[in-house]
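The values are calculated or read from the model by the stated rules, or taken from the named source; none is laboratory data. Just so we're clear, the structure is a prediction, and the values are computed from it rather than from any experiment. Using ideal geometry, Cβ is built from the backbone for each residue, glycine included, and neighbour counts are taken over all protein chains shown.
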Amino acid sequence: MDPQTALKAASEKVSAFKSVTVDMTTKAPAGTAGVGGAAATKGKLGWDPLSMDMVVKTGQAEAGMPAELPMKWDGGVMYMDMGAEGAAELDGKRWMKIDLAAAAKAGGAGDAMKQFDQLMGSFNQGPAMQIDMLRAAEGVKYVGTEKIGGVEAKHFRGTVAGDALLDTEGALKGLDAETRKQLRDSYEKSGVKSQDTDLWIGADDLLVRADSKAVTKDGALTTKTLYSDFTGVLKVTPPPAGQTMDLMKMLQGIGDLTKDGGPSDADMKELEDALGDM
């Protein structure tokens with residue numbers, strides 16, 4: 001079996017859909033900013049347009065974030081359920097609303113904001129990104145056939161060099177030049193040397209499972225993702241307005257204001273820290 005032919009067919013098949021159910025486990029070295037430790041993410045992921053309805057579990061509450069965090073993404077706006085304790089600090093409202101476009105327009109956002117925006121951009125590539133990353137590897141191998149969750153799947157394996165991870169003909173080919181440059185800078189800063197990738201493709205050419213291990217300057221970042229129920233556009237229902245606190249409006253109301261009425265650098269630093277801790 002020719003791995004490149006099989007992976008190309010899988011990429012094209014997956015790209016025909018707009019959403020999927022994911023069950024993802026991530027383990028990161030403690031030195032990795034914002035993501036040190038382990039996290040489990042389950043729920044629906046949609047792309048083009050980007051949308052999410054997920055629950056992230058970290059096992060322990062930290063930096064004001066609950067150990068179990070329901071998240072929604074709709075139309076460029078993220079909503080996070082801060083739980084009962086969070087609601088006590090948000091005028092009784094459980095959900096925090098973060099409009100990244102409004103935050104970027106206000107200015108003052110630092111590296112964490114840019115990295116978070118880049119992360120969302122990579123999600124918008126959908127699961128096909130995982131397949132195209134492996135296609136960029138040299139010496140991709142067909143390992144054999146295995147059962148994943150009862151599904152007979154073809155197993156492919158390869159190692160992608162750090163530079164190839166951001167190849168314009170690879171995983172991020174759908175991004176504009178500026179976003180690609182920002183991502184390249186971010187990867188270089190993290191010291192990514194290479195990424196080992198294993199993919200399992202079902203008989204219907206749909207991605208069933210993706211495992212990756214990226215070697216960074218801080219250690220290994222591993223991810224295991226199970227995919228199921230590929231379908232059409234994901235419709236996300238935002239939380240009720242009465243249960244939502246708009247972070248940007250809150251900063252404008254309680255923080256120091258700049259001359260044009262936007263939040264100060266200190267206020268934006270609070271937002272940057274919040275995003276960096278996700």
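For this structure, a couple of remarks:
- Consider region 6-25 and keep the residues that are touching a strand residue (DSSP E or B) at 6+ places or on another chain (Cβ under 8 Å) and surrounded by fewer than 21 Cβ atoms within 10 Å (Cβ to Cβ). The one that is farthest from residue 55 (Cα to Cα) is 6.
- First in region 1-21 and assigned by TED's automatic domain parsing to the domain that holds residue 132 and at pLDDT 95 or above, second anywhere and of a type in the set (S, T, N, Q) and part of a helix (DSSP H, G or I), Cβ under 9 Å, 6 or more apart: 14/130
- Single residue of region 197-237 satisfying the filter (surrounded by 15 or more Cβ atoms within 10 Å (Cβ to Cβ) and not in a strand (DSSP E or B)) that is modelled with the lowest pLDDT: 218
- For region 79-100, taking the residues that are closer than 16 Å to residue 68 by Cα and free of Cβ contacts under 8 Å to residues at least 40 places away in the same chain, the one that is surrounded by the fewest Cβ atoms within 10 Å (Cβ to Cβ) is identified as 84.
- Conditions (1) surrounded by fewer than 17 Cβ atoms within 10 Å (Cβ to Cβ); (2) assigned by TED's automatic domain parsing to the domain that holds residue 215; (3) at pLDDT below 85; number of the one not met by residue 136: (1)
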